[in-house]
Ligand code: CA
């Protein structure tokens, strides 16, 4: 499931391109190389990369032009590789939508740090307008049926998710077993309220115990509540 991020190295200097490729693959990335500006532009649009390292000086189309055109169609992260002291290229690059830049000659660690920084920020960003609910270190995305604890995806069954969402949406109110049963299992569920306790214990195992936190609390004689 954890697929390696794919980095597109657009660089016409063979040695630099190869050096970046070997280094980034050793660090756990997939890579592809392109040395021609025009082809690079086409490949960025057609293929799916997680990030582009984009040299400024390239044959057929320069990096700034590529960046400007790509931004009309895509928000793939772009790090410009600029010549040392070429302030204008850096400013232009950022103005037309590059996410960051690295000046040549660069240390491989610096490139890696920039790549990781951008990919991390990107993972943390919620999708635009997407609803999300927060309880302490837990994030819940109703639209994708996803729960993350400390940024890690937690696998929940459909019922577990619905139960957790109901509790989180009603935070800080205590919900009775009957309320939960009716809402999550429906009025026509002829079970026993024990099913609620059983599912609460599943959630605790997956969300609280595993991360050594306490979000799901029992209110004796009443029901359950979620707290930050
Ligand atoms: Ca170049």
Of (1) out of contact with any helix residue (DSSP H, G or I) (no Cβ under 6 Å at 6 or more places or on another chain); (2) touching a residue at least 24 places away in the same chain (Cβ under 8 Å), residue 105 fails just (2)
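Could you list, in sequence order, the residues of the range 42-57 that are farther than 20 Å from residue 118 by Cβ and modelled with pLDDT of 95 or more? So that I can check it myself, show each step before the final result.
Of all residues in the range 42-57, those farther than 20 Å from residue 118 by Cβ come to 42, 46, 57.
Of everything in the range 42-57, just one residue is farther than 20 Å from residue 118 by Cβ and modelled with pLDDT of 95 or more, namely 42.
The values are calculated or read from the model by the stated rules, or taken from the named source; none is laboratory data. All values reported here derive from a predicted model rather than from experimental measurement. Cβ atoms come from the backbone with ideal geometry, glycine included; neighbour counts cover every protein chain shown.
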